[in-house]
Amino acid sequence: MASTTEAVDRIRPAPVPGPARPGRPESHGRSAALFLAPFVVLYVLFIIGPALYGLVMSFFDTSMVKPGLRSFAGFDNYAEALGSSDFWHSLWHTIWFTILTTPPLVVLALVFAILAERVPRGRWFFRLAFFLPYVLPSAVVALIWLFLYTPALGLAGKIVTSVGLTEPNWLGDQNWAMVSLAITTVWWTLGFNFVLYLAGLQEIPRELYEASAIDGAGPWQQIRRVTIPLLGRTTALVVVLQIIASLKVFDQMYIMTDGGPNFSTRSVLQYIYDVGFTSYRTGYAAAASTLFFLVVLAISAVWLMLTRRQSLGWAAKAGGEG
Amino acid sequence: MTAHGPHRSTDSAPHLTRRGLLRAAFAGAGFAALAGCSTPVGAGLANTRLDPGTVDYWNLFGGGDGVRMQQMEDGYRKAHPDTKLQAVTLSWGDPYYTKLSLATVGGKPPNVAVSHLTRMKTLVQAGLLQELHPDDLARHGMTPDKFNQRAWQASLVDGKIYAIPIDTHPFVLFYNTDVCEKAGLLDSNGQLVPIVGEEAFADALTKVKQVTGAYGATHGINADSASCWRLFQTFYSQLEGEVLAENGTEIVLDDAKAKRVLDYLRSLTVEKGLIPVSDYQGAIALFADGKAGFHLNGEWEITTFQTAKMPFSMTLVPNVFGGPHAVQADSHTLVLPVLPGQDHAQLDLSLGFVKSMLDQSDVWAAGGHVPAWQPYASSDAYRQLNPQHSYAAAADTAVYDPPGWYSGSGSVFETIMGSAVGGVESGQFSPDVAIAQIRSKLSVLAKTAPPV
């Protein structure tokens, strides 16, 4: 433990003593603002502005094909969304998808990163192989896996039947469709977490492994006691990114099953798209998306509180205080 | 850096500096932007007009008839070499209509677009389509008497013209002539003996299954709510049942009739294994491979099976439930979305394109559809077109989807109905559960105030 603190201290420069500097020179502030201006303008125009307009729109019976905000509806849209079984089902489908994809994407990424780290030769090949699917656009991934999942003719079915099991109705069975989409997503986005873990693994000093080997630790103990604890920060980052990304899922459902079979894979974003753009009811869709925004905000807040305690702990250890 | 040892480039030879690279990149980007202003991407970014003398055309034909539509587009290009035709094919169903609506609302619609007759009315109510005036149409040779009257009357909204029907496309029965001959189902002319009644149809499928060793018939079930709805609507209409009334605000589903149809479908798929659970493309592939003797689909896949060079023919869907013959169908129409700032020349170009499509009705009919353009439909050439002519009568017994703002081909109404039917056919729930689900989902839509 002590050696870790010293190692970190060696990397960080000693803090500069003395009185705090007075305010920064004015010109730096202005040029900073000018550099930021294009981004801020676009951000306000295309993200903040529409979000606020959507919030306003959710209180009206706005239609996509009629001009203006139309008649005031008060909280009717919200009441309809909260009372709509379609909305709650789609929310549950999104959460179920998050539950199905987040653990494999975290655990498998870690496992493969550790394995790829240990390969003596050809490490570049494994890094490329695991990361390449991430580069593909969602439509390409969806088409590839639609071929694989074709009943009776697809490769996935042939693999399953060759080991003697009966082929499930991959995308046509209500219980299986989400699992099939989860498998597709894990294959597709594993590479990103894999790369994050690789970077985290390389920050762990070699001396720790040597020291633990001298103390008699086997490889499995090294992983459990050295690698995983020191990857804590990376794991926190991977998990929160993965949860947020899974909550926003849309492409796979839309292209591969169109929310089917029987609406069992329709995610919240697809529900909002269906009612807002296909059925023209943008006011109601704005209300549903505001409710979803609150859900995501709640989950992020919970996560922030959980990790804040952890990162306070790390800061304390690194600074040598407490 | 220069103090230690040599570095890669010497000072005398020209080498790439950062500023040089940035300057060249900006110059290249600027040049590309100028050159690209007239292309669609450039025009979209710079918000300039496409070249005048361009016809922008959107359609949703992806299957066998997509091939025919491309032949017709090429035919137009040959006949009008100085007009540029930009044709885009989009995904069938809701994605197409959502994009078309959004593009029209955003002021950048195509000049001409395809629309199903059942969806066209909602588009009119949403104010997205231009009214077509009889004198403009007459100038291009399109007068009401030249169209199939059933389709023409159905496409009028309050007596005004918003769409030009080009065909009616019913649900039909494809059959493999070799397999059916071995099963003893063909008559002396090599045509399928008419099948009437539930047992007769199930018998025919069983005989065919014995010949193929695999299945009797196929149709799209997985992720294909449209095909499931069409089959259900065909049988349900043979029992004279209806689903919606009063423009979609009332549900008049007859539970007993619906249960009868669903029970029958379930017996063919789950209980007797005569129809396998497959998706749209899989159903086509199984029939084309000869693993099934029958295929229930729209007539537009005729080109697919002709390309596969398999022995097949087509006929009307059997009158399984007795009663008057009925079959689910819709019509394709060509519409002109509202285009701000459209001038007379552009209108003439668009209408000229529509007329050209009608003039090529022979190619379109070869793609399986029953043409609405009478100069071709009543001609000898069409009468001799086989097997298209054997189901042309379906255009007169066609049952369109019930009118409603959420109804029509590829709409949420079809998705709800088709998902429930598909769930019964794949054995995931019982007909009672399906009917309850249909009622609960449709009642939400029926209660909702239409956004158009």
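Observations
- For the pair A:Asp76 and A:Trp92, the difference between a 0.36 nm per residue extended length and the Cα-Cα distance amounts to 3.5 nm.
- The lysines within cross-link reach of B:Lys447, meaning a Cα-to-Cα straight distance under 30 Å and a gap of 8 or more places when in the same chain, are A:Lys66, A:Lys248, B:Lys99, B:Lys121, B:Lys160, B:Lys257, B:Lys259.
- The distance between label points at A:Phe293 and B:Leu22 comes to 3.7 nm (points 7 Å beyond Cα on the Cα→Cβ vector).
- Dividing the summed -39500 (n - 2.57) terms of all DSSP H runs of n ≥ 4 by the residue count of chain B sets its mean residue ellipticity at 222 nm at -13000 deg cm²/dmol.
- Qualifying lysines (Cα of each under 27 Å from Cα of B:Lys291; at least 8 residues distant if same chain): A:Lys158, B:Lys182, B:Lys207, B:Lys209, B:Lys272, B:Lys309
- Only Cα pairs under 8 Å and 6+ residues apart enter the sum, and on that basis the relative contact order of region A:85-293 stands at 32 percent.
- Angle between chain B longest axis and helix B:431-447 axis [Cα atoms, degrees, rounded to 10]: 50 degrees
- Residues with amide H under 5 Å from that of B:Asp279, placed H, sequence gap 5 or more: B:Ile221, B:Asn222
- Most mobile listed residue (A:Gly54, A:Gly200, A:Gly74) in chain A, GNM with C-alpha springs under 10 Å: A:Gly74
- Structural descriptor for region B:363-452: relative contact order 17 percent, calculated from alpha carbon pairs under 8 angstrom and at least 6 residues apart.
- Between B:Asp145 and A:Val195, the C-beta separation translates, for a Förster distance of 51 Å, into a calculated FRET efficiency of about 0.15.
- A straight Cα-to-Cα reach below 17 Å connects B:Lys355 with the lysines B:Lys78, B:Lys84, B:Lys146, residues fewer than 8 places away in its own chain not being considered.
- Computed from the C-beta positions of B:Thr206 and A:Leu143, the FRET efficiency with R₀ = 25 Å rounds to 0.10.
- Modelled FRET efficiency - R0 51 Å, A:Arg308 with B:Leu102, Cβ distances, 0.05 increments: 0.75
- B:Leu244 long-range amide H proximity, modeled H, under 5 Å: B:Val252
- Available extension along the chain between B:Asn247 and B:Asp136 is 36.9 nm, counting 0.36 nm per residue and deducting the alpha carbon span.
- Label-point separation in nm, B:His344 to A:Thr166, each point 7 Å along Cα→Cβ: 7.1 nm
- Formal net charge of residues neighbouring A:Leu291 (Cβ-Cβ distance under 14 Å; K, R +1; D, E -1): -3
- Contour excess over end-to-end distance, with Cα ends at B:Ser91 and B:Ser390 and 0.36 nm allotted per residue: 104.7 nm
- A simple spin-label model places the labels of A:Gln221 and A:Ile244 4.0 nm from each other, with each point 7 Å out along Cα-to-Cβ.
Here, each number is a calculation from the coordinates, and none is a lab measurement. Please read all numbers here as calculations on a predicted model, not as lab measurements. Backbone-built Cβ (ideal geometry, glycine too); neighbour counts: all protein chains shown.
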